[in-house]
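The values are calculated or read from the model by the stated rules, or taken from the named source; none is laboratory data. As the structure is a computational prediction, the values presented were derived from the model and not from experiment. Note: ideal-geometry Cβ built from the backbone for every residue, glycine included; neighbour counts use all protein chains shown. For the accessible areas, the whole protein counts, side chains as well, though only heavy atoms, and no ligand, DNA or RNA atoms are used. Shrake-Rupley method; radii C 1.70, N 1.55, O 1.52, S 1.80 Å.
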Amino acid sequence: MKPLVLFLACLFLCSQSLRADHITGGSMSYTFTNFADGKYNYRLTLKLYMRCNSGRQFNDPTIFGVFDRITNERIASISDFPVALTRTETINMNTFSPCITNPPAVCYEIGYFETTISLPPSENGYLLSAQVVYRIQGINNFVSNYNNIGATYTAEIPGTSLLPDAPENNSANFTANDLVAVCSNNSFSYSFGAEDKDGDKLNFSLCNAYQGGFGGFGNNSNPPQSPPYSSVPYDMNYGGSSPLGSHVKIDPSNGLITGIAPSDGIYVVTVCVEEIRNGKVIAVQRKDIQINISGCSIASASIPADYMLCKDTRSITVSNFSSSPLIKSYNWDFIDVNGNVLYSSDSRSASYTFPREGDYSIKLVVNRGGECADSSQSAVKVYPGFMPDFRVEGLCFNKPTRFLDASTTVFGRVDSWKWSFDGSGATSPLQNPSYTYFNPGNKQARLIATNSVGCRDTITKTVAIIDKPPIQLAFRDTLICAPEDLQLRASGQGNMVWSPTLNMRDAHTATPTVGPFSTTTYYIDLDQDGCLNRDSVIVNVVDHVTLEMMKDTTICAGDTIRLRTVTDGLRFTWTPGEQLIRSDVASPYVVTPVSTRYSTIASIGRCTASGSVLVTAVPYPVANAGADTMICYDTPAQLHGTMDGSSFKWIPDIGGGNGHGNLLNATVKPRNSTLYTLVAYDTRGCPKPGFDSVWVNVLPPIQPYAGRDTSVVVGQPLQLQASGGSAYYWSPAEGMSDYQVANPRVMHSAAHPGIRYRALIANEAGCLDSAFITVKVYHTRPSVFVPNAFTPNGDGRNDQFSFVTAGIQKVEYFHVYNRFGQLVFNAYNEMQKWDGSIGGTRQPSGSYVWVVKAVDYNGSTYFDRGTVTLIR
């Protein structure tokens, strides 16, 4: 097995290397050499294009096929033949205009496959063909997600039925230069010009690119398929006649393509040239090439060839498509048919409203009188009221679908139509064409219409192609009470026939009348031009109305309940209506505040039945949980509940049994604020409980604070400051400005080793707590007291060095220096203390200098200095 596996792997990989997905275009041509031995002799050339530096090679050889030009049959006497690659050349665009920004690389490698062929005389003529696979992925004007799309290149040799000397023909040969830089959203021109040695008149047109090359592993070694050849799958916004969009046209006399390029990407463009001799088209030759449109820009006046103001306005705003940074100025002129300038603008965009309908023009000049100057003039059609439209008949696949023009115009008359039916490239110039779709699904149909005053517009619609014509039925299953007539209702396009016809009138219409005496299934058959569909309606027949009411029931007053019935009735009338949410349904919902008997009449046509149900309404049990209350933290609360039921419970559970009546007035001690709900039950018939809730708001613990212990001097006012509550009581109250505020002032007339003040603090619920502060009173001037030694040895005694203030309002700094003048400690209040180290490094024993600067309670500056001894 291993040799076979290796062979298959090699075959696949080798074939992949021969893929032609690097081929970007081509054309086929021939020259007539002579007539000898009863045959016409030709020199045949296939010219293929490939992007430079693709890393690929031309396939060698390529197989040619010969077919009858009219019948498309392969010529049996001429075998398909291989043609070797004769020569190659490289063409490269090296010189660019100074008016182009970011010019693209334009380079092609061209391969020539040349041979001779001898053909016997033929009335029909011949079609020569070669195919390659596959085109590259990502072509912008193809439908998205296309796959394995090949290319076919052909040449036509006319037969003697056209002209006796027609076979002695030299094909039109495309000779124009392909080195063209095309920039997105910019004006461009691309020549597909050709020469004809015979002097035949040439007529150029944009046409469908061909698919081809589906066989084998994806190489060119397979014979070409027989014609006719299918179009590539164009995106709906493009087509063979508009491969670059609606702003690009071709001159039929010389093959020059001009217009505004679409967005950057790769686009397949195919040009057909007709050879016309003595007024007859004797042959059509083709050139197919992929144009790479890049994101470069050209300093140009890039505006469409024409503007259409044909819908509902005479106003227009125009802009230059080119966004080149080399454009320095704009000059717009709006011109009437007599050449008079109606309006001018030097802005990048210009807006204007034309005074009346008619023909006008717009001229744009960029960089007037300067470098990269350019101009362009466009026709403007101002004929509002042109509305392209169409409708569709026949929606079955494999059957003709008719497209009926419904276009209207206020000016002139609608005079041309161009239809596109799907991505196959099929088109029609008829006003009301037919087209056959070969598979169901949503299709995009497009109409480009013109009128006799020059307006042109496009409309696109989605056409749902189905496998059978749709039938819409008003109902599929219904009920009557015999004897009774019933009208069946259907809609659809085509001929309708209903069956069975017993007891039926108007069976060949959409709305027959039936009067069956037993349950019957009626069938409708729809024929839309041979496209068939069938559907059915069941008519159930009864001779009376069945009605079974629910049993009488009890509910809680004011609740909603559904009155359920079992019935085959179709229409219903319930009373009393004011309590019903809907009174015309079989099982309505009702709101019952008081006991009520509800009655209904059910009917099927003329047959009726009646019934009633009693709904007894019992009031909800009443529960009252008492008023909301507030308690101190970690204190109990008393609940005061009442109810008129037979039993109750508290939620959350407060403990105890349901038989203890004192639970209605229970004592609770919640840690946090809690909602207690009293649930009351009774046995009078209302199965639902009554509810009421009480909120017990537990205040947080008081955080009492009277301030830090401090020192003052005799005669110094001291502002006390307590916090943590809503009411305050200080003691002892001697010397205080007000002992019932948070911040009383106190002044001392004598020294004291420490007065202990108590602040009794209360919150909004009257909860109490206390805080204390000790005040030392010195009989001295305002001072900063500093010790003269400390021993930071970790024994817990005198380990830290700091200071004590008396009569001092603010300490600006307290510095400590070693004997080298280095700052070793800095503080701003007496809470900051030095442990005898710097950055974690213990300082040696010795004397250290301290300096303090402060402001006393009178606002005077206080300064002092001294030494402290560090002892280890």
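Only one of the numbered conditions (1) within 52 Å of the chain's Cα centre (by Cα); (2) modelled with pLDDT of 95 or more is not met by Pro500, and that is (1).
Can you find a residue in region 461-482 that is open to solvent by 60 Å² or more (accessible area, probe 1.4 Å), modelled with pLDDT under 95, closer than 30 Å to Gly385 by Cβ and of a type outside the set (Val, Ile, Thr)? Yes, that holds for at least one residue.
So that you can scan it fast, the table gives a plain yes or no per residue for (1) assigned to a loop (DSSP other than H, G, I, E, B); (2) of a type in the set (A, V, I, L, M); (3) in contact with a strand residue (DSSP E or B) (Cβ under 6 Å, 6 or more places away or on another chain):
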position: Thr24; (1), (2), (3): no, no, yes
position: Met28; (1), (2), (3): no, yes, yes
position: Asn34; (1), (2), (3): no, no, yes
position: Thr45; (1), (2), (3): no, no, yes
position: Arg56; (1), (2), (3): yes, no, no
position: Ser77; (1), (2), (3): yes, no, no
position: Pro98; (1), (2), (3): yes, no, no
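Within region 382-428, being surrounded by fewer than 21 Cβ atoms within 10 Å (Cβ to Cβ) and of a type in the set (D, E, K, R) holds for Asp389, Arg391, Glu393, Lys399, Arg402, Asp405, Arg413, Asp415, Lys418.
Exactly one residue among Thr780, Thr774 is under 30 Å from Pro732 (Cβ atoms), at pLDDT below 90 and either part of a loop (DSSP other than H, G, I, E, B) or open to solvent by 20 Å² or more (accessible area, probe 1.4 Å) (or both), and that residue is Thr780. Applying the condition of being in contact (Cβ under 8 Å) with a residue 40 or more places away in the chain and either part of a loop (DSSP other than H, G, I, E, B) or of a type in the set (Ser, Thr, Tyr) (or both) to region 435-450 and asking which residue is nearest to Ala406 (Cα to Cα) yields Tyr437. Restricted to strands (runs of 3 or more DSSP E) entirely inside region 269-344, those with at least 1 residues that are buried (at least 17 other Cβ atoms within 10 Å of the Cβ) and among the polar types (S, T, N, Q) are 280-293, 330-335. Test Ile761 against the stated conditions and say whether it is closer than 30 Å to Pro700 by Cα, of a type in the set (A, V, I, L, M, F, W, C) and open to solvent by less than 80 Å² (accessible area, probe 1.4 Å). It is true that Ile761 is closer than 30 Å to Pro700 by Cα, of a type in the set (A, V, I, L, M, F, W, C) and open to solvent by less than 80 Å² (accessible area, probe 1.4 Å). Checking each residue of region 114-126 against the condition of being within 51 Å of the chain's Cα centre (by Cα) and either surrounded by 13 or more Cβ atoms within 10 Å (Cβ to Cβ) or of a type in the set (Asp, Glu) (or both) gives no match. Only residues that are outside any loop (DSSP other than H, G, I, E, B) and among the small types (Gly, Ala, Ser) were counted in region 120-145, giving 2. Scanning region 705-730 for residues that are open to solvent by less than 50 Å² (accessible area, probe 1.4 Å), within 16 Å of Asp769 (Cα to Cα) and more than 60 Å from the chain's Cα centre (by Cα) yields Ala706, Gly707, Ala722, Ala727, Tyr728, Trp730. If you take the residues of region 23-40 that are open to solvent by 30 Å² or more (accessible area, probe 1.4 Å) and not charged (D, E, K, R), which of them is farthest from Tyr229 (Cα to Cα)? Taking the candidates together, the pick is Ala36. Tallying residues that are more than 28 Å from Cys52 (Cβ to Cβ) and in a loop (DSSP other than H, G, I, E, B) within region 146-180 yields 13.
Rundown of residues vs (1) at pLDDT 90 or above; (2) open to solvent by 60 Å² or more (accessible area, probe 1.4 Å); (3) under 30 Å from Gln225 (Cα atoms), yes/no style:
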{"site": "Thr71", "(1), (2), (3)": "yes, yes, yes"}
{"site": "Ala76", "(1), (2), (3)": "no, yes, yes"}
{"site": "Pro82", "(1), (2), (3)": "yes, yes, yes"}
{"site": "Glu89", "(1), (2), (3)": "yes, yes, yes"}
{"site": "Asn92", "(1), (2), (3)": "yes, yes, no"}
{"site": "Pro98", "(1), (2), (3)": "yes, yes, no"}
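Can you tell me how many residues in region 184-210 are touching a residue at least 24 places away in the same chain (Cβ under 8 Å), among the charged types (D, E, K, R) and in a strand (DSSP E or B)? Of the residues in that region, 1 qualify. Looking across region 345-356, the residues that are under 18 Å from Asn367 (Cα atoms), under 37 Å from the mean Cα position of the chain (by Cα) and open to solvent by 50 Å² or more (accessible area, probe 1.4 Å) come down to Ser347, Arg348, Ser349. Only a single criterion out of (1) within 30 Å of Pro516 (Cβ to Cβ); (2) under 33 Å from the mean Cα position of the chain (by Cα); (3) acidic (Asp, Glu) is not satisfied by Asp477, namely (2).
Looking across region 100-111, the residues that are out of contact with any Asp or Glu (no Cβ under 8 Å at 6 or more places or on another chain) and assigned to a strand (DSSP E or B) come down to Ile100, Thr101, Cys107, Gly111. Checking each residue in region 140-196 for being modelled with pLDDT under 95, under 19 Å from Ile250 (Cβ atoms), crowded, with 18+ Cβ neighbours inside 10 Å and touching an Asp or Glu at 6+ places or on another chain (Cβ under 7 Å) picks out only Asn141. Of everything in region 630-660 that's part of a strand (DSSP E or B) and open to solvent by less than 50 Å² (accessible area, probe 1.4 Å), which residue is farthest from Arg684 (Cα to Cα)? Applying the filter and picking the extreme gives Ile631. Just one of the listed residues (Val590, Val566) is more than 44 Å from the chain's Cα centre (by Cα), in a strand (DSSP E or B), aliphatic (A, V, I, L, M) and loosely packed, with under 13 Cβ neighbours inside 10 Å, namely Val566.
A quick yes/no check of all residues on (1) touching a residue at least 60 places away in the same chain (Cβ under 8 Å); (2) out of contact with any helix residue (DSSP H, G or I) (no Cβ under 8 Å at 6 or more places or on another chain); (3) on the phi > 0 side of the Ramachandran plot; (4) assigned to a loop (DSSP other than H, G, I, E, B):
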| residue | (1), (2), (3), (4) |
| --- | --- |
| Gly796 | no, yes, yes, yes |
| Gln809 | no, yes, no, no |
| Glu812 | no, yes, no, no |
| His815 | no, yes, no, no |
| Val824 | no, yes, no, no |
| Asn829 | no, yes, no, yes |
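Among the residues of region 483-499, those identified as open to solvent by 60 Å² or more (accessible area, probe 1.4 Å) and farther than 29 Å from Val392 by Cα are Pro483, Asp485, Gln487. Residues that are over 23 Å from Val712 (Cβ atoms), in a strand (DSSP E or B) and either in contact with a Lys or Arg (Cβ under 9 Å, 6 or more places away or on another chain) or at pLDDT 95 or above (or both) occur in region 851-861; there is at least one.
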